[in-house]
Amino acid sequence: MIKRLVAQELVLSFVPDAEQRLWRTVTRRKYQLTRAKVGFRNQLESLLEQGHIKLSSFVSDLLGVSARRMLKALTEGETDPAALATLADRRLRATPEELRNALGACAQWSDVYRRLLKMILEELELLETHIEQLEREALSLLQEHHEVVRRVSEVPGFGVDSALQMIAEVGPKAATFPTPKALSSWVGVCPGNEESAGESHSTRSPNGNCHMRRLLNQAAQSAVKVKGSIFELTFQRLLPRLGYLQAIWAIAHRLCRLLWLILRHGVSYQERGPAVSAKSKRMRTARMIKELRKLGYCVEGGPLPAANPA
């Protein structure tokens, strides 16, 4: 092992400095609390279902303003479904009659159900307070690199929260990774290459940084939904051949390489969507015409007129 180390055949693990480890601690803790909030939200829905209150059927967000007002009044002893329904915002899609039907069982609710509901709501409020504090803490720790955060957050599918987490994992300049391939390999978002006797057995991506894999996968899911972006066009081109999951993973790979460029070279994201695609089509057409003329063909006129509908 020592001989291999001296011969530089071993690649040392990436161990960030103390400052970056602190960034990771804060951002990962925030993610853990966010997951815990989702769990409490599911517990809240389960408790309401057990009490025969079907509020989630008519309210899209049980943690929204309208739902919280109604649930808080329920914990304070309100038993009239009509009175609870009046606490909903007027912009809520559910009608007052639907809300009254969904809350009809509140008159038979026992005090035990109300106390359990109150505890869940208090725990949710505490989690949300801690999440906000951790978000402010992360922004404060990375204040020196606010320009990097801004440039990363401009990429379709990313955002301020994702940018903070990615910089905490990779570093503000990705200095440890000399090439985008090195970063992709460390993250585990690149295609695998398992061969034996010249025969490929698997192209499954290797294991890597699970936090970056999660962030890039979520970002890819969002980026392909941005209308007119290059990621939407690339995804639509890859989808028939690769299928949904592999096409999303290919977009995640491209986002990882783009992240390296932004961090390492300090560039800003520039959209290469439909406008650039139209430009590339014109350039390709001009190149083809030039090649045809070189071969002796006579190409006349401009673009073909639009066909008349039948």
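The values are calculated or read from the model by the stated rules, or taken from the named source; none is laboratory data. Model, not experiment: these values are computed from the prediction. FYI the Cβ positions are ideal-geometry reconstructions off the backbone, even for glycines, and counts take in every protein chain you see.
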Pick out the one residue from Gln32, Gln43, Gln20 that is in a helix (DSSP H, G or I), touching a Gly at 6+ places or on another chain (Cβ under 9 Å) and at pLDDT 90 or above.
Gln20
Of the residues in region 74-97, those that are in a helix (DSSP H, G or I) and surrounded by fewer than 18 Cβ atoms within 10 Å (Cβ to Cβ) number 4
Which of the residues that make up region 53-73 are among the hydrophobic types (A, V, I, L, M, F, W, C) and assigned to a loop (DSSP other than H, G, I, E, B)?
Ile53, Phe58, Val59, Leu62, Leu63
Can you find a residue in region 129-149 that is surrounded by fewer than 19 Cβ atoms within 10 Å (Cβ to Cβ), of a type in the set (Asp, Glu) and more than 18 Å from Trp23 (Cβ to Cβ)?
no
For region 91-138, the count of residues that are under 31 Å from the mean Cα position of the chain (by Cα) and at pLDDT below 90 equals 4
Has region 117-124 got at least one residue that is touching a residue at least 24 places away in the same chain (Cβ under 8 Å), in the same structural domain as Leu55 (by TED's automatic domain parsing), of a type outside the set (A, V, I, L, M) and within 15 Å of Lys72 (Cα to Cα)?
yes
Hey, does region 50-72 have a residue that's among the acidic types (Asp, Glu), in contact with a helix residue (DSSP H, G or I) (Cβ under 7 Å, 6 or more places away or on another chain), under 30 Å from Ala163 (Cα atoms) and at pLDDT 90 or above?
no
Note on Gly51: of the conditions (1) more than 30 Å from Asn101 (Cα to Cα); (2) in contact (Cβ under 8 Å) with a residue 40 or more places away in the chain, unmet is (1)
